[in-house]
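The values are calculated or read from the model by the stated rules, or taken from the named source; none is laboratory data. Fair warning: this is a prediction, and the values are worked out from it, not measured in the lab. Every residue, glycine among them, receives a Cβ derived from its backbone with ideal geometry; neighbour counts consider all protein chains shown. With ligands, DNA and RNA removed, areas are computed over all heavy atoms of the protein, side chains included. Shrake-Rupley method; radii C 1.70, N 1.55, O 1.52, S 1.80 Å.
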Amino acid sequence: MSEATVKGYPRSFVIKWLVSLAITAIILLIPSNEVYTYEVKVFVAITALSMLMMAMELTHNLVAALLLQVGYLIFEVAPADVVFSAWSNQIPWLVLGSFIVAAIMERTGLSQRIAYFCMLKARGRFGALMFASFIAGVIISAFVSASIARTAMLCALMLSLCQAMGYKAFSREAACAFFVAYVASCDAGLIFMTGGNATLVLVGVLQQTGYDVTFIDYFLKAGIPNLVLDAICVFVAIKFFGPKKGTASSSEEYIKEQYANLGPTSKDEKKTIVLLLVLIALLLTSSIHGLEAGWVFIIIAWVAFLPGINLADKTTVSKVNFTMVFLIAATVTIGNVSSHLNLGNTIVETILPYIPTNKIGVCMMVMLIGILGNMAMTPLALASTFTEPIIQLALSTGFNPYGIAYIFLIACYQLFFPYEITNALVMYGYGMVNMKETIKYFTVKMIIAILFVLVAVIPYFTMIGIL
């Protein structure tokens, strides 16, 4: 039965618009005072409306992103130099450069070659194959910040593997394969500074508030513990959902066939490999040459267009998700305007009396904010809205903002239901895992993350001096 319409629009669409406008109106109707000033009121209203438009898919995300920056300016929430300061930050440019690099890797087939090569090294053993897939996802995440693209690619590879090996939908093997694909594409985004949009936004807010973060510095401090945590989650997926002992069949022949179909490494792939090696070298030596990651990615992307290199063309540019670039800039703007309005201090002063003053108490409160917040907002929205208040919270309680912010980032990626993170919806949408097993795995993964923060992350951050 088709859905009822109102003036030609689906009823659900109209209801979503009415709810969004009603919430915005309620925010605007709250009387102003010394704390809840006109600027703060309008800031919250514009931000809420924009986020609701994106969450409920009421319009194109580009329109919602533009609403933020233009709305702040038109209604005089903040001056233009604050509203558009996100574009002077490296983060939007890093996203743009990484998208071009990702398109080049896809165009040359290097992304698939990396994935199948890692799988081939597992020699068809199921557990080793899952870890090889994870490693492939980690490698690709260093260069492809679009985690949705990584999820789609790895899930497609896993679907092909399941079909070739006869792993039916909702089977243990299929569930394991897709949960690993999720971890390798989504959670792996926390290992590198360039691994995910929420990571980029959080780092951008840190930099905007005076806390510098380099590519290698982020990996050594936040990336290593996340790499270990993700590896544990892959191991748990194999133990919970992998084939029972003695029942696993080898997929080595299928992977060999797929890898062989790629043919010998092409000239363009070799040039791309050289370009990526230069990219890695520049990222690792940023303290020497002084170029931030965003400018490095843009330079590498520019080099790819040069005559004689010819790794990119007009088609490559057409594949760039410019909407996400504007969305990233808009979310960085939320933090900048929030800081301009001193909202971070206001929020901290409100919740500070209820927060334990000891290190574990503060860290667990931050985890709770991230986990509960993720049920209503995406990790990207959480990072853009709460990073600056989290930094203020750290300063108010006497702890290092780096450690508290990195723990908050871990919390932003914990979930119960697939709807909470788009990557999880993409993974679930392949129809190979059921809801019961998905909730079970995500819940177990969340418990593991909380325990890991308690027994490993907090001691590690304390040891290296960022907590």
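Conditions tested, residue by residue: (1) touching a helix residue (DSSP H, G or I) at 6+ places or on another chain (Cβ under 6 Å); (2) open to solvent by 30 Å² or more (accessible area, probe 1.4 Å); (3) assigned to a helix (DSSP H, G or I); (4) acidic (Asp, Glu).
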| site | (1), (2), (3), (4) |
| --- | --- |
| 207 | no, yes, yes, no |
| 212 | no, yes, no, yes |
| 218 | no, no, yes, no |
| 222 | yes, no, yes, no |
| 230 | yes, no, yes, yes |
| 236 | no, no, yes, no |
| 239 | no, yes, yes, no |
| 244 | no, yes, no, no |
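How many residues are touching a helix residue (DSSP H, G or I) at 6+ places or on another chain (Cβ under 8 Å) and of a type in the set (Gly, Ala, Ser) if we restrict to the stretch 410-467? Counting residues in the stretch 410-467 that are touching a helix residue (DSSP H, G or I) at 6+ places or on another chain (Cβ under 8 Å) and of a type in the set (Gly, Ala, Ser) gives 4. Please determine whether any residue of the stretch 37-49 is in contact with a Gly (Cβ under 8 Å, 6 or more places away or on another chain) and part of a loop (DSSP other than H, G, I, E, B). Taking every residue of the stretch 37-49 in turn, none turns out to be in contact with a Gly (Cβ under 8 Å, 6 or more places away or on another chain) and part of a loop (DSSP other than H, G, I, E, B).
Checked against (1) modelled with pLDDT of 90 or more; (2) buried (at least 23 other Cβ atoms within 10 Å of the Cβ), residue 380 passes all but condition (1).
Which condition does residue 310 not pass, out of (1) surrounded by fewer than 22 Cβ atoms within 10 Å (Cβ to Cβ); (2) more than 30 Å from residue 100 (Cα to Cα), if it passes all the others? Residue 310 satisfies all of (1) surrounded by fewer than 22 Cβ atoms within 10 Å (Cβ to Cβ); (2) more than 30 Å from residue 100 (Cα to Cα) except (2). Out of 395, 352, 368, one residue alone is of a type outside the set (Gly, Ala, Ser) and within 24 Å of residue 217 (Cα to Cα). It is 395. The condition of being more than 26 Å from residue 464 (Cα to Cα) and at pLDDT below 90 does not hold for residue 304. Residues of the stretch 274-300 that are free of Cβ contacts under 8 Å to residues at least 40 places away in the same chain and assigned to a loop (DSSP other than H, G, I, E, B): 285, 290, 291.
Hey, could you check the stretch 411-441 for residues that are small (Gly, Ala, Ser) and assigned to a helix (DSSP H, G or I) and say which is surrounded by the fewest Cβ atoms within 10 Å (Cβ to Cβ)? The qualifying residue surrounded by the fewest Cβ atoms within 10 Å (Cβ to Cβ) is 429. Could you list, ordered by first residue, the pairs with Cβ atoms under 7 Å in which the first is in the stretch 329-348 and open to solvent by less than 10 Å² (accessible area, probe 1.4 Å) and the second is outside any helix (DSSP H, G or I) and modelled with pLDDT of 75 or more, at least 6 apart or interchain? If the second residue must be outside any helix (DSSP H, G or I) and modelled with pLDDT of 75 or more, the pairs left are 332/89; 337/77; 337/78.
Confirm whether residue 286 is under 25 Å from the mean Cα position of the chain (by Cα), of a type in the set (Ser, Thr, Tyr) and open to solvent by 50 Å² or more (accessible area, probe 1.4 Å). First the steps, then the outcome.
Working: under 25 Å from the mean Cα position of the chain (by Cα): yes; of a type in the set (Ser, Thr, Tyr): yes; open to solvent by 50 Å² or more (accessible area, probe 1.4 Å): no.
So residue 286 does not fit the description; no.
Among residues of the stretch 56-76 that are farther than 23 Å from residue 39 by Cβ and in a helix (DSSP H, G or I), those with a beta-carbon under 8 Å from a residue that is among the β-branched types (Val, Ile, Thr) and open to solvent by less than 60 Å² (accessible area, probe 1.4 Å) at least six positions away or on a different chain give the pairs 61/323; 62/323. All conditions but one from (1) of a type in the set (S, T, N, Q); (2) over 23 Å from the mean Cα position of the chain (by Cα); (3) farther than 18 Å from residue 111 by Cα apply to residue 318; the one that does not is (2). Of everything listed in (1) under 15 Å from residue 369 (Cα atoms); (2) over 19 Å from the mean Cα position of the chain (by Cα); (3) open to solvent by 10 Å² or more (accessible area, probe 1.4 Å), the single unmet condition for residue 386 is (2).
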